[in-house]
Amino acid sequence: MPGITSDAPTGLGATHSTGEGARLPVRRLYGPSYPHEPAPLPPLSTLSLDERPPPTFPLYRPAPSPSPIPQNSPRYPDPKSLPSDAKIARSLKVRLSKRVVKDLPPLEEDDLREFYAALVESGAEEAARRYEVLEAPKEERLRLGDGEREEVLRGLAERVLGLNAQKPPPLGEHEGANMVAGPSRLTGIVSGDAVPTQTIIHALASISSEDEDQNEGGLSDLPLGLVSRKEWEALFDQTLSETNPGSAEVLLGVMQAHGVSPSAEHLSDILAHYASHGLLGEAKRIETVLAEAGYQLSTSQHDILTSAHLHASGPIGAIAHLKTYELSSHPAPQSSYGLVLSHLLERDPSSHTRALAWDLFAHMRLSAHPTPCREIYRLMITSCGASSDPQPERARDLWIELTQDNGSIPDEPEYTAAIRALSSTKKDYLEAFDLLRQMLARHHDATYVPFSEDEDAWAGRLRRGQRQRSMSRWIPSLETWKALLEGTKRAGDLPRARWVLAESLRMARASEMAGYPVKGPDEDMMASVFMTYAAWKPIVARRQVRVRGGVGAEGISRDSDTQESTAGTTGDTVQHIEDPLVDVDLTEEISAGDRVAQDVSTAQGEAADPTSPQTAADALGEASALFHQILRPASSSSLLTDPFRDTRPSTRLVNSYLSVQLAHSQTLAAARTAWDETWSDAVLVERGVRPNGWSYLIALEKCALGNRQLSQENREEATSWGRKLWDEYLSFQSSLSVSPSDSGSHTISGTGFGLGLGPRQIERAWRAIIRIHTLADDTTGALSLLSDFQARHPPSRILDSYAPIPDAGLGLRFTDPTTVREADVPPHMLFEDVRVLHQRLVRDEDGRGLGLVKWVTTGYEKALEKRRKWRLKGAGKGGEVRSRRVEMIAAADGEELRNEPEEHGEVGREEAGQEKAEHKEAEHEEAEHEAAKKA
């Protein structure tokens, strides 16, 4: 159309007159191609696609104001941006250092190592020192010797009493008998006589009283310098040394009258005197006076009072004393609880005392001290390692509580206690070695010196300034090594036992070289080593040994016998140690003997460890070499040349070595020969070493082995040697005056368990000799021994020795009384102990013997069952526990229970009816026994 062209504006302001003009761009867009392209549309905006359009609002935008001059501009500098004096000095040092080292050659690797080592070691001596927290000086009592004290008292007497005497003779032993009752004799003392302390006390008291009478105000005009502090202390100590604590109390009053205040140590000394002499009433009197005066007892005074209760009334009275302070909201310190716990766990421990100790431990945490101290933790962990009642799980819980919950870093005593507790069982002893590894890691971290040339873990660095660094709080002690051996001897772990012995010797030698003498292995440690040898099982049995080089089996057997019988020759070879600083190589000591060098191969073909014994002969040879080196006279007092200088032959050491001989000897005759020779050699070295109950027990049990362990030719030797040992055992037992007391327990001069005469050891010895006679087909002798045992240890003693578990009235019981093991059960014989005898009697159809065996064993079983019933019912606690069955039996017999006499000691009248009921049953059994005899 004429009015519309292609150049017409098509923007927002364009207008179209007709609809045809409006559809024209659409035709061009979707229609067919035209010969020429249309003109492009003008751009709608000058903005690019990447730019954002300017905001529409606000409509008014003021012009930006001129920017102010910044404060950090050169015209206005910031003071903080200026370098400090320290920064300027540091920059100057850096520039000077660069200028100095500019022409120096680069450092080599060795130079860097030495520089780093010197840098670390520069503070070793300073770090080794311990700086304690500065405290205010405490006033301590002046302690004088006897001679100095006498001189001071003489001068005091001359000044106070007006004596111009020569030096008096020593104070008499019975000076207290010559003491005057008052000042009437003050002017009648002859010069040269010993002046009693009582006279001086009365003189000082009279001077003070006269001064107070002259002064209306009641204040003394006596100068305080009349009696010095040193003279007061000498007079007080002399009064206590004369066992006159009453006069010491009077002296404290005189001191106050003279204006001198007594210290807390004076009261502690008087309390300690009362406690040591068992005067509990006097100690409690002083305690009451101090409490009324509002005086707070110190820790040492609490401990002294607790000790007084322990000596006077035992642990029950001491626990009652501790509970009194708990009720007053001022509990006693943990050291007082520790005294009672130590008394229960260490003095004469039993299952009952251990149960009471755990109850007190739980009660203390509930009522007094929720968080125990390290000493209490160590004491309770140590108690978990008792051989009669091992509790490694409980020890592990206490250890975790100490180290993790409380965050304490244990020292060597705590590690030793935990190691001993874990070593008390065969199952957990490997954890003890893990604790040792942790302990050694702490020691290494504390004493580590980088790039140290010394490869010995214990020798340390002996150069100047590094001696202190080689020591730490985590060095294993002799008790630590012995605790580890408690586990190896239970498991028969000989390689670890040999490692422990070698490490202990290396540590002792290195400590001696460094100037810190440490005790080497003693007899108890070596006894544990020998017990490990005895419990060790040979890796290669005799039947698996194959000999090369034309040596027959007879040669090996003959050579083994030579080793077992002539161990002295092997022991002499240990003298050829060239280097005293090397480890104790036990294998080299054995190989230097007379043993023929042979190539031994196992049946499996595996290469065994050449440094560890493989056969019983190897173990026996090593043990013999060690034992004879111990018996050898000490050539010097140094561990470098004599590693066993601290080992003294003892009965326990000899018994442990004999257990190795009995366990690994090829024949019983060789073991018997070694027995006789060993005791002869030990007596020559150490007088007083004699066999005890343990010596005879291990030999009797060896002779009582069955036919599978002993051959027929050894059986005759076992019978003859066993009878000889039994006669010596009875002589040894009678020499110690073993006599049953009224309570049924055995009174032995010494510790029964240590002498091998405890109740369980007596049972084992009698069981062994009965078995020896039975295996020799001497049933008549075995029955005679059984009757003798029943006469020596009747079943009635099992009931007579019953005692209730002590009840201290604690609010919390950690243990159940019904689950506590029985303590002090007398020797008894059950059916399992004489099963072999019973089988032989059945084979021989000996009815009389069978009846005797049944009667004896049944009597012990019923006595044990009755005692167990008493324990479950809590009998013996004042008669508050009554059994309904007892009342019914008593009513059936026509007797009232209250009329029964107390024939059962602590058990009470509640068991009298039961005794009558069971008496009838016993009479019936005796009738059956008589009938069996007639048959």
Cβ pairs under 8 Å, 6+ apart or interchain, first in the stretch 144-161 and within 17 Å of R229 (Cβ to Cβ) and touching a residue at least 40 places away in the same chain (Cβ under 8 Å), second of a type in the set (K, R) and surrounded by 14 or more Cβ atoms within 10 Å (Cβ to Cβ), ordered by first then second residue, are L144/K230; V152/K230
Can you name every residue in the stretch 651-674 that is more than 12 Å from F530 (Cβ to Cβ) and either part of a loop (DSSP other than H, G, I, E, B) or in contact with a Lys or Arg (Cβ under 8 Å, 6 or more places away or on another chain) (or both)? T651, S665, Q666, T667, L668, A671
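Among the residues of the stretch 639-650, which ones are in contact with a Pro (Cβ under 8 Å, 6 or more places away or on another chain) and either part of a helix (DSSP H, G or I) or not aliphatic (A, V, I, L, M) (or both)? First the steps, then the outcome.
Initial filter on the stretch 639-650 (in contact with a Pro (Cβ under 8 Å, 6 or more places away or on another chain)): 640-641, 643-644, 646-647.
Across the stretch 639-650, the qualifying residues are T641, P643, F644, D646, T647.
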Here the residues within the stretch 504-525 that are touching a Lys or Arg at 6+ places or on another chain (Cβ under 7 Å) and not in a helix (DSSP H, G or I) are A514, G515, G520
Of the residues in the stretch 419-475, those that are on the phi > 0 side of the Ramachandran plot and either modelled with pLDDT of 75 or more or out of contact with any Lys or Arg (no Cβ under 9 Å at 6 or more places or on another chain) (or both) come to G465
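Only one residue in L153, L161, L92, L104 is among the aliphatic types (A, V, I, L, M), at pLDDT 70 or above, surrounded by 14 or more Cβ atoms within 10 Å (Cβ to Cβ) and more than 57 Å from the chain's Cα centre (by Cα), so which one is that?
Numbers: L153 fails: more than 57 Å from the chain's Cα centre (by Cα); L92 fails: surrounded by 14 or more Cβ atoms within 10 Å (Cβ to Cβ); L104 fails: surrounded by 14 or more Cβ atoms within 10 Å (Cβ to Cβ).
Result of the check over L153, L161, L92, L104: L161.
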Give the residue, chosen from R848, R797, R771, that is farther than 30 Å from A318 by Cα, in contact with a strand residue (DSSP E or B) (Cβ under 7 Å, 6 or more places away or on another chain) and not hydrophobic (A, V, I, L, M, F, W, C). R797
Residues of the stretch 674-697 satisfying the condition of being under 21 Å from H664 (Cα atoms) and surrounded by 20 or more Cβ atoms within 10 Å (Cβ to Cβ): A674, W675, T678, A682, P691, W694, S695, Y696, L697
Being in a helix (DSSP H, G or I) and of a type in the set (A, V, I, L, M) is the filter; apply it to the stretch 347-368 and report the residue that is farthest from P804 (Cα to Cα). L366
With respect to the numbered conditions (1) farther than 20 Å from R764 by Cα; (2) in contact (Cβ under 8 Å) with a residue 60 or more places away in the chain, which one is the sole condition not fulfilled by R687? (2)
Considering only residues that are hydroxyl-bearing (S, T, Y) and in contact with a Leu (Cβ under 8 Å, 6 or more places away or on another chain), look in the stretch 368-395 and name the one that is surrounded by the most Cβ atoms within 10 Å (Cβ to Cβ). S383
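Residues to consider are R285, R229; find the one that is of a type outside the set (S, T, N, Q) and under 40 Å from the mean Cα position of the chain (by Cα). I'd like the intermediate steps shown before the answer.
Details: R229 fails: under 40 Å from the mean Cα position of the chain (by Cα).
After ruling out the rest, the residue left standing is R285.
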Single match in R498, R490 (criterion: crowded, with 19+ Cβ neighbours inside 10 Å, modelled with pLDDT of 55 or more, of a type outside the set (S, T, Y) and in contact with a Lys or Arg (Cβ under 6 Å, 6 or more places away or on another chain)): R490
Testing L705 on (1) under 16 Å from D777 (Cα atoms); (2) aliphatic (A, V, I, L, M); (3) buried (at least 19 other Cβ atoms within 10 Å of the Cβ), one condition comes back false. Which one is that? (3)
Looking only at residues that are touching a residue at least 12 places away in the same chain (Cβ under 8 Å), surrounded by fewer than 24 Cβ atoms within 10 Å (Cβ to Cβ) and of a type in the set (S, T, Y) in the stretch 301-324, which one is nearest to T382 (Cα to Cα)? S307
When you scan the stretch 391-414, do you find a residue that is closer than 28 Å to L310 by Cα and either assigned to a loop (DSSP other than H, G, I, E, B) or in contact with a strand residue (DSSP E or B) (Cβ under 6 Å, 6 or more places away or on another chain) (or both), even just one? yes
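Only one residue in S511, S528, S504 is crowded, with 19+ Cβ neighbours inside 10 Å, touching a residue at least 24 places away in the same chain (Cβ under 8 Å), of a type in the set (S, T, N, Q) and farther than 18 Å from L440 by Cβ, so which one is that?
Numbers: S511 fails: farther than 18 Å from L440 by Cβ; S504 fails: farther than 18 Å from L440 by Cβ.
The match here is S528.
The values are calculated or read from the model by the stated rules, or taken from the named source; none is laboratory data. Please read these numbers as outputs of a predicted model, since none were measured by experiment. In this analysis, Cβ positions are derived from the backbone assuming ideal geometry, glycine residues included, and neighbour counts consider all displayed protein chains.
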